[in-house]
Amino acid sequence: MTDDVLDGAIDCHVHTAPDLVERYQTDLALAREAIQAGMRGVVVKSHVLPTVGRVDQVNEALGATVLHGGVALNGTVGGLNPDAVETALELGARIVWLPTAWAANHASQARAAGRSRFVGQRVPGPDEEIRVARDGEVTEATQRVVNLVAEYDATLGTGHASPDEIDAVVEACDAASVRCLVNHPCFRVVDLPLERQVALAERGAVMEYCAYAVESTPDHSVDRLARAVNRIGPERCLLATDYGQAENAAVSGLATFARDVQEAGVPREAVRTMLTETPARVLGL
């Protein structure tokens, strides 16, 4: 793959400072690098604060709409809080992420492992954790979120929900004609089998394959990712980094990840689709 790998690319999942843990760079530094690399955009994600609004200041300062924001529905914004969702959407949020650290699926795993914090955020107790679906259907609170995302023509991310919950969320999004992004389906906290990923994609969801999930999840690999992409098709998959850890640069990391995916057997045209066309469609750009 030539050096133009990032021309027009969009990374839908990058963490920046300020945050509760050390991050590789600020919004401003990320935006400058993305513009220099020829990227079309980056979605800035935080587990603790809405990123919508703050990215607008960077875009205005640089004279380019390169950063996009959203809101993750963890305890710091009141969980599945319709007021927090509507406010973020009014301010231009592109993605609303269902709970991550506060998801019942993630929180229960964290507590079982003896962890009290996740990337600086408190892990909730059993009486605080958030379930987004029960008995195969989304909860009323989740449905309200889906309806708001539909009203504002935004995108819903599945966060760190369990496989069964993700099934229900994708079904609700399909019924409401909402774009649904299945966040890092192979990440250790989620870890969806390939057949379930295929079924979700057939119902309209897009799989978000992240570089950080590959490097941080036992038994995950670029080869596993390549098999999934070649099975599902690039129109229902995108490449992102989930980078921003103190040691992980997102822009150069995305370029390396893209080359690794191609070397693992995904055709160059498919890689380009997952970097440009699919994320642009997911974000409604």
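The values are calculated or read from the model by the stated rules, or taken from the named source; none is laboratory data. A quick note: this is a predicted structure, and the numbers were derived from the prediction, not measured. All Cβ positions, even for glycine, are placed from backbone atoms using ideal geometry, and neighbour counts span all protein chains on display. Please note that ligands, DNA and RNA were not included when accessible areas were found on the heavy atoms of the full protein model with its side chains. Shrake-Rupley method; radii C 1.70, N 1.55, O 1.52, S 1.80 Å.
Things worth noting here:
- Whole-number accessible area per residue in Å² for the chain, which is evaluated in the context of all protein chains at 1.4 Å: 40
- As a fraction of the 1.4 Å probe accessible area of segment 94-228, surface on carbon and sulfur atoms comes out at 44 percent.
- Here the contact order of the chain, divided by its residue count and restricted to Cα pairs under 8 Å and six or more residues apart, works out to 19 percent.
- Translational diffusion of segment 1-124, estimated by Stokes-Einstein from the Kirkwood radius over alpha carbon pairs at 25 °C in a medium of 0.890 mPa s, is 160 µm² per second.
- Low-density loop cleavage sites - GluC sites (Glu not before Pro) in segment 222-285, where at most 16 other Cβ are within 10 Å (DSSP): 247
- Legend note: in the chain, cysteines whose Cβ sits 4.7 Å or more from every other cysteine Cβ are 12, 186, 210, 237.
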